[in-house]
Every structure is written in C-alpha cells, then in structure tokens.
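The values are calculated or read from the model by the stated rules, or taken from the named source; none is laboratory data. Quick caveat: nothing in here was measured; it's all calculated off a predicted structure. Cβ placement follows ideal geometry from the backbone for every residue including glycine, while neighbour counts extend to all protein chains displayed.
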Amino acid sequence: MSKPLFLFAKISFPALFLLLVLFLPLQIISQNLHDERSILLDVKQQLGNPPSLQSWNSSSSPCDWPEITCTNNTIIAISLHNKTIREKIPATICDLKNLIILDLSNNYIPGEFPDILNCSKLEYLLLLQNSFVGPIPADIDRLSRLRYLDLTANNFSGDIPTAIGRLRELFYLFLVQNEFNGTWPKEIGNLANLEHLVMAYNNKFLPSALPKEFGALKKLKYLWMKQANLIGEIPESFNNLWSLEHLDLSLNKLEGTIPGGMLMLKNLTNLYLFNNRLSGRIPMTIEALNLKEIDLSKNYLTGPIPTGFGKLQNLTSLNLFWNQLSGEIPANISLIPTLETFKVFSNQLSGVLPPAFGLHSELKRFEVSENKLSGKLPQHLCARGALLGVVVSNNNLSGEVPKSLGNCTSLLTIQLSNNCFSSEIPSGIWTSPDMVSVMLSGNSFSGALPSRLARNLSRVDISNNKFSGPIPAEISSWMNIGVLIANNNMLSGKIPVELTSLWNISILLLNGNQFSGELPSQIISWKSLTNLNLSRNKLSGLIPKALGSLTSLTYLDLSENQFSGQIPSELGHLKLNILDLSSNQLSGMVPIEFQYGGYEHSFLNNPKLCVNVGTLKLPRCDVKVVDSDKLSTKYLVMILIFALSGFLVVVFFTLFMVRDYHRKNHSRDHTTWKLTRFQNLDFDEHNILSGLTENNLIGRGGSGKVYRIANNRSGELLAVKRICNNRRLDHKLQKQFIAEVEILGTIRHSNIVKLLCCISNESSSLLVYEYMESQSLDRWLHGKKQRTSSMTSSVHNFVLDWPTRLQIAIGAAKGLRHMHEYCSAPIIHRDVKSSNILLDAEFNAKIADFGLAKMLVKQGEADTMSGIAGSYGYIAPGKTIKALFSTCFHFHNL
C-alpha cells in the first residue's frame, strides 16, 4: 500500500463524515451565490445596463452591492428605488428563490403589472411612482405571503381584483392615485390583519358606497379614502373599527349623519370628513376621550355644536368650518386644556364668544368669521403667548379690541373686518414682530396711521373706518408693505413724497378721503404697483408723466379730483385694463391709445378734452383745414403713409401666405409623424392631425397654438399644443426635446396636467394633454367683467369665492411640491402664473405648460439634460397668483 493511501486508510469514518458536513455546505453556498449573481447580471442586462447599477459586476459578491441585502449568504431583498429604470422588469428576477423584498419605486418602468407572481416568498412589494398601466392581476393572491403592497401614483385601471381579499397576511395596502374605474371590492373586509388601508385620489371610480364589510377590519388603524367618489352614508358597521386612529373620507359625496359610535372609538386621534355632502346633526354623544383632532369641515352639517366636544380633554384641533351649524358655541370647549386650533368659520352660529378662550390652553388659531356672533372679543386669546391668528370678520362683534392683543408678540394676522368695533387699535398690533397682515375694514376704528410697522407686515386694510390725519412722513419705513387699502376714511393733507419710496407696493387705494395738493412726480420707485386709486379726493395740478413709467400698472383711477392740464402721452405706454380720469379739469387731446372702444367712460365730465380719431363721444380737436377734407397737411401726409404701409403689408402678407401654403403642402407629402405614448391611448396620430383646424383652435401662445380635439372613438376631449419651428430641427436638439418630453410624460399627480403623448416630425411637435373643462385660472381672474364704480369691486374677483380659491391654491401648491420633492429628478417649472394653472370641472387645479421646465441634475451626476427654452432668472410664483392667494392663505391656512 502506498503512503498516501495508507494515511487515508487511517482516517476514521466519523472524522471523514465531519469533514464532509463542514465542507459541502460551503461549496453549496458558494455555488448558490454564484447562481444568484448570474441571475442579477442577466436582470441588469435586460434592464438596459443602467448606469445606476454600475456596481453590479462579475468580480464581486452580490451581497456587497448597495442595492442588495443578503441573509445567510442568500439574497432576500432588492431595492431599485430611484434608479431611473425605463425598461420592464424581467420575470427571471423570481429565480431568486428566497426574495422577500422588492422595491421598484420612483422609476419610469412601463407596461402592465410586472411578471413577478412566481416570487412565491415575496412579502414586501413597492411599485409606487412608475408608469404601470392596465389592471392588477386577477390572480395576485398567488403572492400569498404578501404583507406590504404599495401601487401609489401609477396608471393602473379597471377593477381592483377581489383576489386582494385573499392576501390574508396583508397589513399595508396603498392604492393611491391611479386610474381605477370600477368599484371598491367588499372582499377587502376579509383582510383581518390589515392596519393601513389607503386608497385616496381615485376619482374615476364609479360612484360607490363605502362597503359595510370594511367594518370587519378590527385591526385597522389608518383609513384614507379622500377623493374616491364615495356616496351614501357612512356604514353603521364602522362603529366596530376599534383600533382606528386616523380617518379621512374627505372630498367625496357622502351624506346622512355620522354614526353615533364613530366618535366613541377609543383610539381615534384624527378624523377628517371635509368637503363631502354629509347632512344632519352632529351626534350629541361624544365619549372618545382620546380624540386629538376632529375635522368635519366642508359638509352640510346642521344643528348646534355638541356640548360633548368639551369633554375631549386631549383635543388639540376642532375644525367645523364650511357647514350650516347654528346656535351658540358651547362654553366648555374654551376650557379644554390642550386646544390649539378652533375653526368654525362660515356657519350660522350666534350668541357671544365664550370669554375663557385662550385662558386654559396654548391657543394658536382662532377663526370664527362669517357667522352671526355678537358681543365682545375674548380678553385672553393670547394669555399663553402662542396665538398666531385671530380671524373674526363678518360678524356683529362690537366694543374695543382687547389691549392684550397689543402685547401678543406671536401674532401673524389679525382680521376683524365687517363688525361693529370702535375706538383705537392697540399700538402693539402694528408692531408685533411677526405680523403679516392687519385687516380692519368695515368698522368704526379711529385714530391716526402708525408711524412704524412690523418688519414683515405686507398687507394693511383699514378701509371704511374713521381714521384721520395725514399720512406720516415715517411711512418710508414701511418698506415691506405690498398692499395698502385705506379708502373711505377721513385722512387728509398732501400725499407725501415719502410714500413714493415704497418699492414693494402693488396695491395702493386711498380713494374717498380728503387729500389735497399735487401728486408727487417722483414715483418711479413704484415698479411693482398694479392698482392705484386716488379718486374722490381734492388733488390738483398736473398728472405726473412718471406714471407712464410704471409698467406693471393695470388699474388707474384719478377721477373726481381737480387735476388740470393735458393727459400725459406717456400714459399711452401702459397696458391699462381700467382707466378713469373722469370729473376733473383736464384739457387737450386724449392720447391716441385711449381714443378707441373700452375707454368710453374714462374721460367724462372733462369738457376741455377732445379727440381726432376713435369712437369716444368727445368733441373733435381744432385743426387747420386743407381743401375740402378739412385736414392739415401733417395729417394728410400721415394718412397717405399709413395707407401705403398698409398696402405693402397686405402684399407681403399675401406672398408669405402663398409660399407658406406651398411649403405646408410639400411638407405634408414628405414628412412623417412619430407618435410617442405616455399612457394607454385609444386614438392615433391621424385622429389628432385631422383635428388641427381653425374651428378647433382655442388659444394662441408665444410658442404655438392650442386646439380642442375630440377623440373619434370615445368622444373624450383632448387639448393639443402645436409647437412650430418653421425649419428643420437639428437632430441632436430634436432628440433632446423628445427625451425631456418623455420625462415630463412620466409625472403622475392629480394636480399636474397629464401629458398623454407627443407627435412630432422634423419641423413641429404636437403635445397632447387631457382637456380641462374650466380652462385656465387666468380666464376666471382676469376675464372681461363689467366695470363697477367701486375700486373694491374691480380689484377683487367675485366669480371665484374664497373656498374655491383656497382649493385652487392648495392644489397648485401640491402639484409644485410634487415636482420639487417627489420626482426622481426634481423639476422647477420656472413660469408659474395663472394662465398655466388649469381647472377641471370641479375647479381642481392642475399645473400645466412645462415649456420652461428645467430638470435639476443631482449633485455629482452628469448633466445630460438640455435647457428647455424659457425666461431665465424668474422662478418664484407670478404676481398674479401671489396677489390672488396670499390673502386666502392668511385667512384660512395659518
């Protein structure tokens, strides 16, 4: 026997068995990791080898890759969150037999639900923020171990399959913001372990009642079904949701009464039912001592506020606004030691305000406006020094403003308009360090204007009061004031030159006072001024020429004064929607820009004014006659020049149209159109191209025309923006344009207009959007209105009420926030203005027109994006939106 064989023979059998037990598993584990690495490298290749997965290679262990988690040297979790993946997920990913977690969120993955039903051990599946379409698989219960499912912000459609009710281990179900158009499956009530059920923003669902079977979800803590097209009453079975902590059924069409047991749930900490169609009385039995927040706002609730609310000793927020509640405010609510927010505005409440408000808790928000309340304002609202806002406008409150509010340094806004308050305002209110707005109109306040304001104070409205005396010279220190409304008081003296130094002011209304003397000519600092009303005073002298340099000015009213001399021709440079110079002592010729329709009432009661052309009913100016036409040589030459110029324009325009006609016919024969889809479409490019007619034209912009076209198959209306270039695009530029449009086409949010597809050729591009029935916010804010004699009626638009404006403002803000914070590459719109905020039939706001959008490349990544053409240097929301919504936010969104 040889020596090696002899040595082997001496090894005992037990020792040999031990070696095999230790050695063979290492080989098996090593082989298993090798196989799993091969699977992942194949997945990477099928995903197009994205740069974000560059760490996946054949020379390292997959357990060392940042996207991979291993346990016992086998892969259990894959996280591809925000990896800019644009390809379908291959089914081979389920060859990883121990995969428990799969996170594909925040990408651009297209197609239907991924083919992953063979991942039999999967427990956590995250598909949110992608471009998935089509139905959820009817056999999704093959993922029988699934505990966590999030499909938020995709385009899944059809019915939610009843098979979801067989995922018995599921504790987290998120189906937010998709295109589901069926009904809510009652089988969800079978998910005995479910703790979070979130199905908000699915307003394409058929109108459906809340399934009573949901009342069987005994472990449910979080139920969010906002804007889910719910109708009918809240089921009595919801009284059985013993574990519920958060309930939001807002923005639906619920009706009836709140089940008596709903407010007896022991663990309920948040209740949101606003903007429904609930009716009836609030139940008087309130025993939920753990309740922290109650929101029953924007319903049709009637009857009194239950005194039982006062028993909720942990209540921090009570929101009952926008209902039809009546009766008095229960005094025991003011005794709750934790109360921070009390909002009951826009009801029919009467009686006096309980005097203990603010005395027993750190009250922050106190809003009771638009009721029938009387008596005095509570003295202790700011006793704990935490008060942010007092909003009590449009009641019958009277007496003096409590002096304690003058010492409240935490105040942001005080709104006392349209009551019966009197006496002087406590001086500390004007100088409270964080004060933003002071609204006192429609009372009997007296005293003089303050010489100093808080540094952040931007809006002051003291109109229709009894303030008197001159404007103080110290007004130059009011540097952040943006809106000053002081009409219909007893202010007097000259308009001080210091007033013209307020560079930030946009609205200045001083009409209906007793000002006299000349208007300062040094007003070039008013570059932001849009509205100026000095009517019904005793001002005299010449109208300053410098007014013509205020390029933002759209409203100018100097009527019922004693101005004399000629109207400065410089005013013709302004784009004035409203001009009123009537009832003065002006003379000479009206500037040519104002001698046409639209200014018929702008110059009345100025007998020395005249015109030469236009349609105004004013006398003709005196001119020297020449021949039988009675025209001076100067005007005859001008007419001949204009006539010749007009003839040449017609000739050149005709030649241009002929050439353009032949060019278009030629291009139609020799260009092909490319269709790039971002959604499932039931139309093609021929449907769109055939609709590009003048009859369907609804708007023109700086970059092209907008058409309203009907889908030939479904009848659904589409908005098509045509961008023409009049030349062939450079191939690289065309490729970059398509790449960026594809990125914008992946955005999924209820407050961002959906880009359905792009149709392009070498010389133009068509962007096809969903059609917005109510068109743009600009149309509602700045559309043609009948002129009124009151400045207030002209400045404020009464077509959109404040609740609707608040809804639009919040919707626009949500859309912008989504672009800034939740897109995988953040987006700055760069041209936010009222004409780029579109409204659907329910006046929900949607951000539109990304022609100026710019993708922000994250630090450290290569900048591969082209700069889409736009106006650089302007990022903040436009003045129109700021002026529209600032008051709304100050009123109701402290």
query = Can you name the number of the only condition in (1) surrounded by fewer than 17 Cβ atoms within 10 Å (Cβ to Cβ); (2) within 25 Å of the chain's Cα centre (by Cα); (3) of a type in the set (D, E, K, R) that Arg145 fails?
reply = (2)
query = Which of (1) free of Cβ contacts under 8 Å to residues at least 60 places away in the same chain; (2) under 26 Å from Glu560 (Cα atoms); (3) buried (at least 22 other Cβ atoms within 10 Å of the Cβ); (4) polar (S, T, N, Q) does Ser463 not meet, given it meets every other one?
reply = (1)
query = Within the set of pairs 6 or more residues apart or between chains, which connect a residue that is touching a residue at least 60 places away in the same chain (Cβ under 8 Å) and in the same structural domain as Trp478 (by TED's automatic domain parsing) inside region 434-457 to a residue that is in a loop (DSSP other than H, G, I, E, B) and surrounded by 21 or more Cβ atoms within 10 Å (Cβ to Cβ) with Cβ atoms less than 8 Å apart?
reply = none
task = Report, by residue number, each residue of region 572-614 that is of a type in the set (Ser, Thr, Tyr), at pLDDT 90 or above and more than 38 Å from the chain's Cα centre (by Cα).
result = Ser582, Ser583, Ser587
request  = Report yes if Ser492 is assigned to a strand (DSSP E or B), in contact with a strand residue (DSSP E or B) (Cβ under 9 Å, 6 or more places away or on another chain) and assigned by TED's automatic domain parsing to the domain that holds Ala546, otherwise no.
outcome  = yes
message = Here is a list: Lys617, Lys624. Which entry is of a type outside the set (S, T, N, Q) and at pLDDT 70 or above?
response = Lys617
task = Residue by residue through region 27-46, note down the ones that are among the aliphatic types (A, V, I, L, M) and modelled with pLDDT of 90 or more.
result = Ile39, Leu40, Leu41, Val43
task = Report, ordered by the first and then the second residue, all pairs with beta carbons closer than 6 Å, sequence separation of six or more or different chains, a first member in region 357-375 that is farther than 10 Å from Asn394 by Cβ, and a second member that is assigned to a strand (DSSP E or B) and of a type in the set (Asp, Glu).
result = none
note = Per the filter on region 675-691, residues free of Cβ contacts under 8 Å to residues at least 60 places away in the same chain, surrounded by fewer than 16 Cβ atoms within 10 Å (Cβ to Cβ) and farther than 28 Å from Gln129 by Cβ are Asp684, His686, Ser690
query = Taking region 419-454 on its own, how many of its residues are basic (Lys, Arg) and crowded, with 22+ Cβ neighbours inside 10 Å?
reply = 0
Residue ID - farthest from the chain's Cα centre (by Cα), chosen from residues in region 526-544 that are over 19 Å from Asp580 (Cα atoms) and surrounded by fewer than 22 Cβ atoms within 10 Å (Cβ to Cβ) = Lys527
task = Take region 100-148 and flag every residue that is of a type in the set (Val, Ile, Thr) and in contact with a strand residue (DSSP E or B) (Cβ under 9 Å, 6 or more places away or on another chain).
result = Ile100, Ile101, Ile116, Val133, Ile136, Ile140
Odd one out for Lys219, checked against (1) crowded, with 16+ Cβ neighbours inside 10 Å; (2) modelled with pLDDT of 75 or more = (1)
query = Could you count how many residues in region 756-783 are among the aliphatic types (A, V, I, L, M), in contact with a Ser or Thr (Cβ under 8 Å, 6 or more places away or on another chain) and closer than 25 Å to Ser690 by Cα?
reply = 2
message = Quick check on region 385-404: of everything there that is surrounded by 22 or more Cβ atoms within 10 Å (Cβ to Cβ) and in contact with a Cys (Cβ under 8 Å, 6 or more places away or on another chain), which residue is nearest to Lys364 (Cα to Cα)?
response = Leu387
task = Confirm whether Leu373 is touching a Lys or Arg at 6+ places or on another chain (Cβ under 9 Å) and either surrounded by 24 or more Cβ atoms within 10 Å (Cβ to Cβ) or not basic (Lys, Arg) (or both).
result = no
ask   = Does any residue of region 182-199 turn out to be within 30 Å of Gln46 (Cα to Cα) and surrounded by 21 or more Cβ atoms within 10 Å (Cβ to Cβ)?
value = no
query = Can you name the residue in region 513-525 that is within 22 Å of Ser564 (Cβ to Cβ) and in contact with a helix residue (DSSP H, G or I) (Cβ under 9 Å, 6 or more places away or on another chain) and, of all such residues, is surrounded by the most Cβ atoms within 10 Å (Cβ to Cβ)?
reply = Leu519
inquiry  = Only one of Thr431, Thr409 is modelled with pLDDT under 95, more than 30 Å from Lys494 (Cα to Cα) and among the β-branched types (Val, Ile, Thr). Can you tell me which?
reply    = Thr409
key: Residue ranges of helices (runs of 4 or more DSSP H) in region 758-846 with at least 3 members of a type outside the set (Val, Ile, Thr) and either modelled with pLDDT of 85 or more or within 20 Å of Gly745 (Cβ to Cβ) (or both)   = 802-817
ask   = Counting only residues that are surrounded by 15 or more Cβ atoms within 10 Å (Cβ to Cβ) and among the small types (Gly, Ala, Ser), which one in region 570-597 is farthest from Asn537 (Cα to Cα)?
value = Gly572
key: Conditions (1) within 41 Å of the chain's Cα centre (by Cα); (2) part of a loop (DSSP other than H, G, I, E, B); (3) among the aliphatic types (A, V, I, L, M); (4) modelled with pLDDT of 90 or more; number of the one not met by Leu547   = (2)
